[in-house]
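Visitor: Dropping the structure in here first, questions after.
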Amino acid sequence: MITAADLPAILRTRPPTPELAIGLARHPDQIDDAIGLLCHFPDTELEQVVSAWNPNRYRSNAEQYPPVPPALLDAVLEYALTPLAHLLQNPGPHTGWEISEHPGLSMPHEFGDGASWHILATCPERWRELVDHPTLGTAVQHLLLDHAEAEQDLNRKKAETGSSFLMRGIHDDAQENREPGLSLNDNLLQACLPALCLPEMAGLPKPSITARHRLHRIADRVRSNPRLLDIVAEQLHAAADECVRRGRLLTPPHKPKDDLRYKSVTVAEDLALLSANPTHLAKACALLTTLEQPTVVSRPPSAQLDRITEGTDLLTPVRLLESNYQHRRAETLIALASNPHTPRTAVTDALPMLHPLELSWICHQHDVPDWLRAAAAGLAPADETEAVLRLLTDDELDGHADPGAVLQSWLDAPETDGVWTEGEVHRAVLKSRHHTLQHLRQLPARDVATEPNLALPRLLDLCGNQPERWKALLKALDYGPRDEKITIGQLLDSIKASPTGASSPEGTGR
């Protein structure tokens, strides 16, 4: 039997573990010694002190086990929540938050997204007391608003589907007893209101980033707790207006293909939920029209694809629009139209700027206001298939007067997630026997380099027996997920222009 007297000898040869703390704390006279070990544990190990306390947690027919001693639980909560409480009191970069820190935000991307919440989730009977804690209360309020209702919904869905698998072992212990407590009652929700609109983020630098992030976090909390729209509607409206003004969130992106186009859709979605400002809502509708049009691609027929889609509507134009989440803009416009403060003219003026399939998608939805459905139906194409970019097989291209022009039309399509990132067009051009060198030069260098019969002869001719050029080739191809991706044409030109590989290509032009 290991006792507290053995601690000095143990700690001289190995670090403390959650199991050691648990073993000590099982004896009332050694709880203080167990608490003394907590300062050595990171968040994940603090969570293990609570989650591994019950040795029978995986046995459904085991007798009830004594709970975690209150003194030990209090100490674990304090160690887990104090860093978050300190961060909220002093917003800015802090040691230990680098992994979860949003670039340029100087705050974690999610408050307590991990051990601190899972520890707090084990003691719902303490929540009402903890939200008023003089130092930890604000941190507890943020955690409950972010996670309590969301986890309740997750548990409810698991129960409805009959799922027996839980995402984390900590939720296994007395799940049926704790689940009702995860939902915030009205009294507890009222106690959390001071943290609802994230006042800690209101004055952070880089408002174009922080205000957008703050708005989205508030909207997520309202989606998890819809009662807030009735309880504090005016507070939510004011916070949304403040975020828009401070971050200039309704300014169209400078480039239609900029990453901000996705964030602009998110801003419009959040304002559809939170805003009561007709001017801001109208600008949100107009903002959607400035974004790049989707390109809906239909893949060439194949036996495997036929097996997957047989008996389904997965290949219909409207479902193809959804396959790469290209329906989000139309979905957001419906949400804006459902907000009673949005001017109808702002919505109808945006419809002609949508892709034909987005109009058809609106007509296929059930929760669309009648006036919007009628307006979209008047502009939707009679034949939806005409709005789909269909990738022809080589056999189909054989009968075409100019197969090369067809391949080029695919490459000229707007670069959306369904084309540029997923690469259907690039793979189709690369595999086609009708492609030319001019087509290949427009494809990503890494894609072409994977086809030795296409790339190797040209690279051998270009680099020959010059080691510097081979080194320049390897360096150009060694880019990470955030680096600019270059085309094979840019790669070849850069090697020609720089025999020593001293310069690197810029941009991603095709």
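Visitor: Which parts of the stretch 311-337 would a label at W371 reach, counting a residue when its backbone N lies under 15 Å from a point 7 Å out along Cα-to-Cβ?
Guide: Under 15 Å, as judged by backbone N against the label point of W371, lie 334-337 of the stretch 311-337.
Visitor: Report the calculated FRET efficiency for N453 and L315 (r = Cβ-Cβ distance, R0 = 41 Å), to the nearest 0.05. Numbers along the way, then the final one.
Guide: Numbers: r = 32 Å, r/R0 = 0.77.
Efficiency, from the Cβ-Cβ distance: 0.80.
Visitor: Grab the other residues whose beta carbon is less than 15 angstrom from that of G464, score K and R as +1, D and E as -1, and report the net. Could you put the intermediate results ahead of the total?
Guide: Working: positive: R458, R469, K471, K496; negative: D461, E468.
Surrounding charge for G464 is +2.
Visitor: Please work out the FRET efficiency for the pair Y325 and A233, using the Cβ-Cβ distance as r and a Förster radius of 25 Å; give the result to the nearest 0.05. Numbers along the way, then the final one.
Guide: Details: r = 30 Å, r/R0 = 1.19.
Step by step, r from the Cβ atoms, then E = 0.25.
Visitor: Also, quick follow-up: Which whole-Hz couplings ³J(HN,Hα) result when phi for each residue of the stretch 226-239 is put into the Karplus expression 6.51 cos²θ - 1.76 cosθ + 1.60, θ = phi - 60°, listed in order with x for Gly and Pro?
Guide: These are the phi-based 3J(HN,Hα) values: x, 4, 4, 5, 8, 7, 9, 4, 5, 5, 5, 4, 5, 5 Hz.
Visitor: Quick query: amide H of T487 versus all other amide H atoms, modeled in the peptide plane; which residues come in under 5 Å with a sequence gap of 5 or more or a different chain?
Guide: A445
Visitor: Taking 22 Å as R0, compute the FRET efficiency from the Cβ-Cβ separation of E292 and H216 and round it to 0.05. Numbers along the way, then the final one.
Guide: Details: r = 21 Å, r/R0 = 0.96.
It comes out at approximately 0.55.
Visitor: Taking 7 Å along the Cα-to-C-beta vector as the label spot, tell me the R14-E78 distance in nanometres, rounded to one decimal.
Guide: In this crude spin-label approximation the distance works out to 2.8 nm.
Visitor: Once you have the Cα-Cα distance between R344 and R57, take 0.36 nm times their residue separation minus that, and quote the gain in nm to one decimal. Spell out each step's value before the answer.
Guide: Values: separation 287, 0.36 × 287 = 103.32 nm, distance 5.61 nm.
Extending this stretch completely gives an extra 97.7 nm.
Visitor: With a point put 7 Å past each Cα toward its Cβ, work out how far S208 is from D394 in nm, to one decimal.
Guide: For S208 paired with D394, the spin-label model returns 4.7 nm.
Visitor: Which three lengths, in whole Å and largest first, does the stretch 418-476 cover when its Cα atoms are put on their principal axes?
Guide: 38, 23, 16
Visitor: Further, regarding this structure: Taking a ≥ b ≥ c as the square roots of the eigenvalues of the Cα gyration tensor of the stretch 305-452, is the shape rounded (a/c under 1.5), prolate (a/b larger than b/c) or oblate? Don't skip to the end; give the middle numbers.
Guide: Working: a/c = 2.45, a/b = 2.18, b/c = 1.12.
Here the stretch 305-452 falls in the prolate category.
Visitor: R390's amide H: which non-local residues (gap 5+, or another chain) put their own amide H closer than 5 Å, with H modeled 1.01 Å from N in plane and none for Pro or chain starts?
Guide: Residues meeting the criterion, in which the H sits 1.01 Å from N, are S298.
Visitor: Starting from 0.36 nm per residue, how many nanometres of slack lie between A71 and D186 once their C-alpha separation is accounted for? Please report the intermediate quantities before stating the final value.
Guide: On the way: separation 115, 0.36 × 115 = 41.40 nm, distance 2.88 nm.
This chain segment gains 38.5 nm when fully extended.
Visitor: Got a number for the accessible area of I495? Probe 1.4 Å, square angstrom, nearest 10.
Guide: The accessible area of I495 comes to roughly 0 Å².
Visitor: Expected output is a single nm value to one decimal: the length gained when fully extending between E129 and D383, i.e. 0.36 nm times separation in residues minus the C-alpha distance. What is it? List each step's numbers first, then the result.
Guide: Values: separation 254, 0.36 × 254 = 91.44 nm, distance 6.16 nm.
Roughly 85.3 nm would be gained on extension.
The values are calculated or read from the model by the stated rules, or taken from the named source; none is laboratory data. Remember, it's a predicted structure, so these values are computed and weren't measured experimentally. Quick reminder, even Gly has a Cβ in these numbers, built from the backbone with ideal geometry, and neighbours come from all protein chains shown. In case anyone asks, the SASA skips ligands and DNA or RNA and just uses the protein heavy atoms, side chains included. Shrake-Rupley method; radii C 1.70, N 1.55, O 1.52, S 1.80 Å.
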